[in-house]
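Here's the structure, in structure tokens; my notes come after.
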Amino acid sequence: MARTYTVSAAFISALERTALRLGYDLAPSAAVDNGSERLPLTNLLQLLSHLQAQQPDIPVGLQLGSEIDPACFDVLGHLVMACATVGSALQAVQQFQALVLDCARLECRLDAQTIWCDWQPLPHGTTEPRLLIDLMLAATRNFGVWATGIADPFLDVYFQYPAPADTGWCQRIFGQGGRYGCSSNGFCIPAEWGERVMRTGSHNLQDLIRQQAEQQLRQIRSGGGFITQLMSALDRLLPQGQATVEAAAAALHLSPRTLQRQLSERNTRFSAVLREVRMQRARFLLQNSQLSVTDIALQVGYREHSSFSNAYKQWAGVSPHQDRLRQPA
């Protein structure tokens with residue numbers, strides 16, 4: 001089973017607010033709030049796909065990234081703002097990128113004249129990389145302008161995906177048309193900017209914020225967070241046909257009553273979390289196996305093909321068969 005990647009709930013909430021401000025309609029199930037500080041990456045991808053479908057001619061990732069509130073980066077954003085220089089800020093992003101999105105990594109490298117920052121989705125992190133790549137690079141540029149006061153921070157911006165028919169949005173946001181079909185995604189800035197002072201720098205707060213960032217990163221890497229722990233337990237129990245409240249509670253060393261109370265405090269239900277785990281496993285099997293849709297339905301706990309198809313279509317917006325067909329070979 002593929003790893004369950006997660007995204008900051010604050011980041012998704014900021015995207016929703018931005019989308020509404022720009023006139024988009026939100027899907028009722030696009031980014032379900034389960035009371036957790038982390039949400040499955042699939043929630044973000046569904047939201048982006050839903051918004052893109054409303055405006056097929058607009059690269060919605062670039063549009064949202066250029067408009068999103070800098071506060072969306074939450075603890076990572078506060079840490080970056082507290083850094084003394086642009087170079088130390090990039091180091092903080094490289095170290096704590098997972099606080100926002102844990103399905104990618106940022107790698108910075110330095111040559112005589114340039115700092116190169118490669119942003120790379122991890123293998124199997126997402127099957128829809130373009131929306132995510134556009135979003136994160138545009139949001140990084142937007143945040144960088146705000147935190148440094150540099151109007152045009154990027155010397156170059158580059159993408160792995162093929163060149164689009166229209167690079168006008170890229171030109172407007174980055175000041176250049178971009179390079180495409182590259183070995184990585186990312187941007188570069190002049191090497192001397194590594195020593196440039198951040199206008200938001202705060203030495204008094206930096207250590208305190210870094211401690212908070214380190215604590216959150218440890219929780220993410222250890223599967224911390226109650227909802228994330230429950231999803232991991234259900235993911236292990238589902239193939240055994242034992243994804244029940246009682247079995248999940250036992251796996252988490254809780255009583256069923258305590259488990260239900262914990263869920264209620266987070267404004268969600270066991271059935272909602274189980275459904276998310278089932279749908280994630282179903283999508284994984286659709287993409288990575290030759291099992292029939294009927295067999296996949298049985299694998300994730302549905303006895304009837306029709307019940308599974310209806311639930312999947314409500315979750316993904318398309319039927320299981322349609323979702324399998326639209327995946328890259």
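Just to be sure before I move on: is Ala213 part of a helix (DSSP H, G or I), under 25 Å from Ala98 (Cα atoms), out of contact with any strand residue (DSSP E or B) (no Cβ under 8 Å at 6 or more places or on another chain) and open to solvent by less than 30 Å² (accessible area, probe 1.4 Å) in the structure I sent?
Numbers: part of a helix (DSSP H, G or I): yes; under 25 Å from Ala98 (Cα atoms): yes; out of contact with any strand residue (DSSP E or B) (no Cβ under 8 Å at 6 or more places or on another chain): yes; open to solvent by less than 30 Å² (accessible area, probe 1.4 Å): yes.
So Ala213 passes the test.
Would you be able to tell me the number of residues in the stretch 69-88 that are farther than 23 Å from Gln219 by Cβ and touching a helix residue (DSSP H, G or I) at 6+ places or on another chain (Cβ under 6 Å)? Give the steps one after another, and end with the answer.
Applying the first criterion (farther than 23 Å from Gln219 by Cβ) to the stretch 69-88 yields 69-70, 84-88.
Restricting the remaining residues to those that are touching a helix residue (DSSP H, G or I) at 6+ places or on another chain (Cβ under 6 Å) gives 69-70, 85-87.
So the answer is 5.
Among the candidates Thr268, Thr294, single out the residue that is among the polar types (S, T, N, Q) and within 25 Å of Ile227 (Cα to Cα).
Thr268
Among the residues of the stretch 278-302, which ones are open to solvent by less than 60 Å² (accessible area, probe 1.4 Å), of a type in the set (A, V, I, L, M, F, W, C) and either more than 27 Å from Leu51 (Cα to Cα) or free of Cβ contacts under 8 Å to residues at least 60 places away in the same chain (or both)?
Of everything in the stretch 278-302, those that are open to solvent by less than 60 Å² (accessible area, probe 1.4 Å), of a type in the set (A, V, I, L, M, F, W, C) and either more than 27 Å from Leu51 (Cα to Cα) or free of Cβ contacts under 8 Å to residues at least 60 places away in the same chain (or both) turn out to be Ala282, Leu285, Leu286, Leu291, Val293, Ile296, Ala297, Val300.
On the basis of being surrounded by fewer than 19 Cβ atoms within 10 Å (Cβ to Cβ), within 30 Å of Gln52 (Cβ to Cβ) and touching a strand residue (DSSP E or B) at 6+ places or on another chain (Cβ under 8 Å), does Leu90 make the cut?
Working: surrounded by fewer than 19 Cβ atoms within 10 Å (Cβ to Cβ): no; within 30 Å of Gln52 (Cβ to Cβ): yes; touching a strand residue (DSSP E or B) at 6+ places or on another chain (Cβ under 8 Å): yes.
It is false that Leu90 is surrounded by fewer than 19 Cβ atoms within 10 Å (Cβ to Cβ), within 30 Å of Gln52 (Cβ to Cβ) and touching a strand residue (DSSP E or B) at 6+ places or on another chain (Cβ under 8 Å).
Do we have any residue at all in the stretch 303-319 that's charged (D, E, K, R), open to solvent by 70 Å² or more (accessible area, probe 1.4 Å) and over 27 Å from the mean Cα position of the chain (by Cα)? I'd like the intermediate steps shown before the answer.
Step one: list which residues in the stretch 303-319 are charged (D, E, K, R), which gives 303-304, 313.
If we keep only those that are open to solvent by 70 Å² or more (accessible area, probe 1.4 Å) as well, we get 303-304, 313.
Checking the rest, the ones that are also over 27 Å from the mean Cα position of the chain (by Cα) come to 303-304.
Taking every residue of the stretch 303-319 in turn, at least one turns out to be charged (D, E, K, R), open to solvent by 70 Å² or more (accessible area, probe 1.4 Å) and over 27 Å from the mean Cα position of the chain (by Cα).
Given the options Ile227, Ile150, Ile189, name the one that is of a type outside the set (Asp, Glu), in contact with a strand residue (DSSP E or B) (Cβ under 9 Å, 6 or more places away or on another chain) and under 30 Å from Ala249 (Cβ atoms).
On the way: Ile150 fails: under 30 Å from Ala249 (Cβ atoms); Ile189 fails: under 30 Å from Ala249 (Cβ atoms).
The conditions single out Ile227.
When only residues in the stretch 89-110 that are among the charged types (D, E, K, R) and modelled with pLDDT of 90 or more count, which is nearest to Ile220 (Cα to Cα)? Don't jump to the end; show me each part of the working.
As a first pass, look at the stretch 89-110 and keep what is among the charged types (D, E, K, R): 102, 105, 107, 109.
Checking the rest, the ones that are also modelled with pLDDT of 90 or more come to 107, 109.
Numbers: Glu107: 20, Arg109: 26 Å.
Result: Glu107.
Say we look at the stretch 228-269 and pick out the residues that are in a helix (DSSP H, G or I), over 19 Å from Thr6 (Cβ atoms) and open to solvent by less than 30 Å² (accessible area, probe 1.4 Å); which of these is modelled with the lowest pLDDT?
Across the stretch 228-269, the extreme among qualifying residues is Leu237.
Would you confirm whether any residue within the stretch 35-42 is open to solvent by less than 10 Å² (accessible area, probe 1.4 Å), modelled with pLDDT under 90, outside any loop (DSSP other than H, G, I, E, B) and farther than 29 Å from Ala282 by Cα?
The answer is no; no qualifying residue exists.
I'm trying to understand the selection: among the residues of the stretch 45-72, which are at pLDDT below 90 and surrounded by 19 or more Cβ atoms within 10 Å (Cβ to Cβ)?
Within the stretch 45-72, Leu45, Gln46, Cys72 qualify.
Between Arg141, Arg105, Arg172, Arg130, which is open to solvent by 10 Å² or more (accessible area, probe 1.4 Å), of a type in the set (D, E, K, R) and in a strand (DSSP E or B)?
Values: Arg141 fails: in a strand (DSSP E or B); Arg172 fails: in a strand (DSSP E or B); Arg130 fails: in a strand (DSSP E or B).
Of Arg141, Arg105, Arg172, Arg130, the one residue that is open to solvent by 10 Å² or more (accessible area, probe 1.4 Å), of a type in the set (D, E, K, R) and in a strand (DSSP E or B) is Arg105.
For the stretch 152-159, indicate whether the set of residues that are under 24 Å from the mean Cα position of the chain (by Cα), in a helix (DSSP H, G or I) and crowded, with 19+ Cβ neighbours inside 10 Å is non-empty.
No.
Does Gln91 meet the test of being among the polar types (S, T, N, Q) and farther than 18 Å from Arg210 by Cβ?
Numbers: among the polar types (S, T, N, Q): yes; farther than 18 Å from Arg210 by Cβ: no.
No; evaluated as a whole, the condition is false for this residue.
Which one of the conditions (1) among the charged types (D, E, K, R); (2) farther than 24 Å from Pro162 by Cα; (3) part of a strand (DSSP E or B) does Asp118 fail to meet, given that it meets all the rest?
(2)
The values are calculated or read from the model by the stated rules, or taken from the named source; none is laboratory data. It should be emphasised that the depicted structure is a prediction, and the values quoted were computed from it without experimental measurement. Here Cβ is always computed from backbone atoms with ideal geometry, including for glycine, and neighbour counts include all displayed protein chains. Only protein heavy atoms, including side chains, enter the accessible area calculation; ligands, DNA and RNA are left aside. Shrake-Rupley method; radii C 1.70, N 1.55, O 1.52, S 1.80 Å.
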